[in-house]
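The block underneath contains the structure these notes are about, expressed in structure tokens.
No value in this document is a laboratory result; all are computed from the given coordinates. What you are looking at is a predicted structure, and each value in this text was computed from that prediction instead of being measured. Please note: Cβ atoms are built from the backbone with ideal geometry, for glycine as well, and neighbour counts cover all protein chains shown.
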């Protein structure tokens, strides 16, 4: 700062006005809290003072969970006509229905049959023939109506049946029959009416015949003949009472067509006008025709004519109320008249207009219609008219709706004049006044409560909305408008002065989240907080005192008391001066160079804020005091210059102490609000340095700082680099121009780095949000700076590294789990339109797109891109071998065996010699695929062709699996010697378990070890099964002698005893073979443990069952006690073996339950235990189906897998910046 001569300083001070002012300028946008903490704002904005014991304590401030939704401003429109189908029920066009008795269908058919016979036998010249013809026509019309009634009744029955979930097929057939009968009966009716019209045209009631012939044509959908016949009726019998019906039919037909062809409105209008030429009461269609005329005019926007027609309908209903449905027509017309009136007529004439039309012509019903009109005005955006109408209502109806009218006025004013806050404030004052008067009126208490609630709702929500609009919420910056804050505080005070806590306990605020429903306590706190935000220190202290007084034990009472102290201690002391220069430290962003953007790890230790010296503290205190209390007079150039120099000195002091946040705020204030001063351009440069340190060197990084920088650089360019100013500040302006693009890129990069840091610390929710934000930032860069020029083939300097921007965009989206966006970004790199398709990153993106598609289970696309990557890289790409390997597995999983074999051939050709282990794994994968499909011979062929390569190059786990699979294939193909050979190879490879485990764990993990153990278990089980065959073949000796005690004793003591001894020893020996499976180290394979346990249990169980089937002498069979003792002795003798069976079965069942693996072996274990130990074991079939491998966790795995069994996971992408760092480190 340039210090002036003492005399100048004194003169300047004398020319200053002592007042309270903001420590920062008038810039409306605050820097983000993620970059600059609220404490930094507090440090630089609050004036010196305050007790030391409060130092460092922070206030929470107002924190609404939700912002009250704004009053909806509806676009001004006119209400459109609705569906008037219900009106048709109010007229009767078919008067035959009254004459037609609802007779049983069978009787009708009998009558018709008789009439038909009589008709055929009656000569055409008979005088009875016309009457007989007409009777047949009407009988068929009656049968048609009967069929219609039956169809409707059956439709209703179908709906009821559906609700009860019953079968409706029979009912649907009945409907079809009814429709068929309806159609046939109508055709017959038309035929006989036509005979009447053609043969007996002189019949006395020929007009009726013609009308119903036309009507039946119309019901049949034959509109051409219907029109022709209606016209014939009008021509032949112009004085017929059916002529109005005929004209009405024309009108209805044209009305329906007019919705698609507006030219038909005129025809409909003409037809309806013909109807009303016939006066009531004889013409019962008179009112309906006027009603439809009203809709004809309404549809064409001819509102006055529509109103006139609706008025005639109401008059018709009043005059001819004795006619059917006349009153209903009038009531319906009253409803439809209101939206038409709203679209065309003045609100101040509504009462006079409505009263003669209101039901009973009473004031009460006219006012009721006006209330409906008010809703219509507001619903269609006619706010001015609505306000005028409600004011008229308030003057006429000072009853229980009086306060409601004012509430509607206030709402309308808020919707119509949302930008005019002063007008809204005046209306809210009026709302309070009306509420006060209303509470003194004799109206129901319920109405008073509703008035109180509505008034509190309007005021509270408006204050909250304006409050949040001004200060911001949810990360959205506020307007910082002083007017908005003042008005919000004013309304808060009105609420606090006019309502109590007890009042608010009764209120509801349905437009606000319930946890944010205002209370008097919240209102007072919000008011105080708003005053604090405005830095109106002379008012915020008393306001916070009021919060404490409202609830001394409230959750924010202590904080409010502290805030009150802060407010009162803001106004104090004098100014100091300090000195600074205009030079920076070279810490600002220089352009695109990464060296200028990134700091080495641990560099924050050098740049973190220092403890300020006593001199620095004194300087800052003086500068703050000066800025807080001294404001230059307008026009005093010297005082204004000195004021800016003090601000600059304060910011520079913070800068030297490395208090970057406060320095940034101070310099930014000068650069934006004092651009006309000499210090402005230098303040802009130092602001960029301070923010760059916070953004690139802080730990963790603060990418939001680059958002702030990106927002401010355009302002600096505007302030200092337009016109001749560019040459004056050329060096700085070139820097600003270079920075603008790079700052945004850096902000995107730091957003991603922050997400990386959050993910490392386990804060995945925040990480995902920031990955998306980083991707979006890169996308904005691409679209805003590079997309169009690169599409046009232009060379733009900032876009020389566009491929890096797009690649990093894809990387950020992928990290944020937005794979579709990640794919789209990478596809930009591959698009020849932008000229980046030949870059290394484009090639890398090709591989990564494959990984993206794989992650979202679009396996065919994944395989395509893996293969494309290998080809495009000419099979020399870093991941070309893995890409082809993955493509093979994906193709196999998709059932695309031919393509899989083609890709496998490509792999063998390009990598077989260099990557023999992978080649071997591919061979095994193809064979395993055949085996999974049961194609055992194909599996055998594939494995025998690949086994030499597998044995020489594959890892041990793959070798074990391959030989076991080949053994299984031979077994399935009934080639026992070959199967024995392969399974012996498996056992041989596992001859030294510790060595084998070490070999597998060297390159693999638990999954590989598990699959190896499963292969060994399969081989051991295979050989145990062979030995078990001998056990099964040694059967219990059959007794063929006499059933006496002597013969049986001899049989048991000789043959049975020999069988018992030998069989027992055989089982024990074979059990040891199965036990080898259970003893496998380090962990036995559950599948084969279950199978082995089942087999051992089966052998001992069969042994016990055979033993217990020993013969019994006949005399013992007849003696209960001896028989019981005999079998008991057998049970006791066999019990030890039964326990051995139980032990084996329990091992089997235990492993099955533990690993949730169920198959035929586990099922046999369950069944035996449930049969023999019912009290302890039970079958629970309802919880799962028959034993299969469905839902078997031992078989569940991510699909597809890499060869060898590990899940396929696309290689993590590395951002360009990180790649460059790695390359630099390697150099």
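For a paramagnetic label modelled at 7 Å from the Cα of residue 791 toward its Cβ, which residues of the range 820-842 fall within the zone defined by backbone nitrogen distances under 18 Å? Only 824-837 pass the distance filter. For the pair residue 88 and residue 157, the difference between a 0.36 nm per residue extended length and the Cα-Cα distance amounts to 22.4 nm.
Expected output is a single nm value to one decimal: the length gained when fully extending between residue 878 and residue 902, i.e. 0.36 nm times separation in residues minus the C-alpha distance. What is it?
6.5 nm
Using the Cβ-Cβ distance between residue 257 and residue 106 with R0 = 45 Å, the FRET efficiency computed as 1/(1 + (r/R0)^6) comes to roughly 0.65. Mean projection of the Cα convex hull over all viewing directions, computed for the range 824-909: 5.3 nm².
In this calculation the C-beta distance from residue 1079 to residue 952 is compared with R0 = 35 Å, giving a FRET efficiency of 0.70.
Overall form of the range 373-421: prolate. Here a/c, set by the Cα gyration tensor axes a ≥ b ≥ c, is 1.5 or more, and a/b is the larger of a/b and b/c. With each label modelled as a point 7 angstrom along the Cα→C-beta vector, the residue 860-residue 932 pair spans 1.8 nm. The range 306-349 and the range 839-882 have Cα centres lying 73 Å from one another.
Between residue 515 and residue 637, the distance separating the two model label sites (each 7 Å from Cα on the Cα→Cβ line) works out to 5.8 nm. For the modelled label position 7 Å from the Cα of residue 318 along Cα-to-Cβ, which residues of the range 266-297 have backbone nitrogen atoms closer than 18 Å? Backbone N within reach: 280-281, 287-288, 290-291.
Placing a label point 7 Å from the Cα of residue 1118 along the Cα-to-Cβ line, the residues of the range 1036-1052 whose backbone N sits under 20 Å from it are 1041-1049.
In percent, how large is the relative contact order of the range 904-1000, given Cα pairs closer than 8 Å and 6 or more residues apart?
In percent, rounded to a whole number, it is 23.
A straight line joining the Cα centroids of the range 665-744 and the range 203-242 runs 87 Å. Computed over the range 82-175, relative contact order equals 23 percent, with contacts defined as Cα pairs under 8 Å that lie 6+ residues apart. Computed from label points 7 Å out along Cα-Cβ, the spacing between residue 187 and residue 1025 is 7.1 nm. Once the Cα-Cα distance is subtracted from the 0.36 nm per residue extended length, the residue 1156 to residue 132 segment shows a gain of 360.3 nm.
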